1. I'm trying to understand the selection: among the residues of segment 155-183, which are loosely packed, with under 15 Cβ neighbours inside 10 Å, modelled with pLDDT of 95 or more and over 20 Å from the mean Cα position of the chain (by Cα)?
2. Which ones in segment 49-68 are surrounded by 15 or more Cβ atoms within 10 Å (Cβ to Cβ) and in a loop (DSSP other than H, G, I, E, B)?
3. Please work out which residue is least open to solvent (accessible area, probe 1.4 Å), limiting yourself to segment 69-106 and to residues that are under 30 Å from Ile42 (Cα atoms), assigned to a strand (DSSP E or B) and among the β-branched types (Val, Ile, Thr).
4. Please state which one of Leu34, Leu45, Leu14 is at pLDDT 90 or above and either farther than 12 Å from Gly105 by Cα or touching a Leu at 6+ places or on another chain (Cβ under 6 Å) (or both).
5. Quickly run through segment 121-154 and pick out the residues that are open to solvent by less than 40 Å² (accessible area, probe 1.4 Å), modelled with pLDDT under 95 and in a strand (DSSP E or B).
6. How many residues does segment 184-201 contain that are polar (S, T, N, Q) and open to solvent by 90 Å² or more (accessible area, probe 1.4 Å)?
7. So which pairs qualify, if the first residue must be in segment 142-155 and more than 14 Å from Asp188 (Cα to Cα), the second must be among the charged types (D, E, K, R), the Cβ gap must be under 8 Å, and the two must be at least 6 apart or on different chains?
Amino acid sequence: RFPHININGNTRTLDKVIRRSFSFSEGDAYNKYLVDYSKDKIKSLNFFEKVELNEERVVDTDRLNLNVELVEKNTGSATLGAGYGSTNGSTLTVGLTESNFLGKGQKVKVSSSFASTQTLYDISITEPYFGNKDLSVRSDLYSRFNDPENVNYETETLGAALALGFPLSSSNRITVKYSLLSTKTKADADATDYENLLPGTNTVSIIGYNL
């Protein structure tokens with residue numbers, strides 16, 4: 001049995017983020033397969049450069065302590081790009097991603113794009129273990145503003161989405177997603193008769209799943 005599971009080296013990641021990757025608890029019977037499986041799960045978090053699980057026998061007993069040795073690695077990234085296109089002209093793109101936000105295992109992604117005719121914002125937050133259960137929850141907020149030079153109207157789209165993911169078995173997972181998008185069109189002062197017919201609000205509601 002494992003009387004104790006000792007975790008060392010997680011200077012940033014919270015203990016509970018690592019412990020929820022184990023397929024057993026302190027006091028459970030020894031199982032080599034579950035030890036190796038749990039090691040692979042910790043590696044798959046992609047938060048650590050090094051993951052080692054060492055078994056240490058407790059003196060004069062038939063029990064083993066499990067010592068987990070970790071080395072943290074950088075889990076954040078930033079992107080910066082520029083480009084030019086015939087439709088939107090010069091474009092600047094900025095993005096930030098953090099896969100282990102505040103050491104809680106949450107993923108936060110922020111991206112934006114700026115051009116003379118278009119502005120985009122996209123923010124998403126993912127909690128992989130909502131309520132300390134194997135239930136991932138992701139929320140998205142989206143904004144896009146278009147003002148093309150070749151037409152006399154502008155459009156603004158606001159969107160939000162919520163996704164829930166949970167396991168069906170050890171090798172299958174399903175994610176259900178709901179999205180709501182609202183697009184508002186506004187005509188310019190010099191719009192043509194046809195373009196003046198376009199203003200209004202269009203709302204789209206979408207539900208789907210990934211297996």
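The values are calculated or read from the model by the stated rules, or taken from the named source; none is laboratory data. The shown structure was predicted, so the numbers you read here are calculated from the model rather than taken from an experiment. Reconstructed Cβ throughout: ideal geometry from the backbone, glycine too, with neighbour counts over all protein chains shown. Note: accessible area is taken over every heavy atom of the protein model, side chains too, but ligands, DNA and RNA are not part of it. Shrake-Rupley method; radii C 1.70, N 1.55, O 1.52, S 1.80 Å.
1. Within segment 155-183, Ser182 is the sole residue that qualifies.
2. Listed by number, the list holds a single entry, Arg63.
3. Step by step, filter segment 69-106, then rank; the result is Thr97.
4. On inspection, the qualifying residue turns out to be Leu34.
5. Hit for segment 121-154 is Asn146, nothing else.
6. Going through segment 184-201, the residues polar (S, T, N, Q) turn out to be 185, 192, 196, 201.
Of the ones still in play, those that are also open to solvent by 90 Å² or more (accessible area, probe 1.4 Å) are 201.
Adding up the residues that qualify gives 1.
7. Tyr142/Asp122; Ser143/Asp122; Ser143/Glu156; Arg144/Glu156; Phe145/Glu154; Phe145/Glu156
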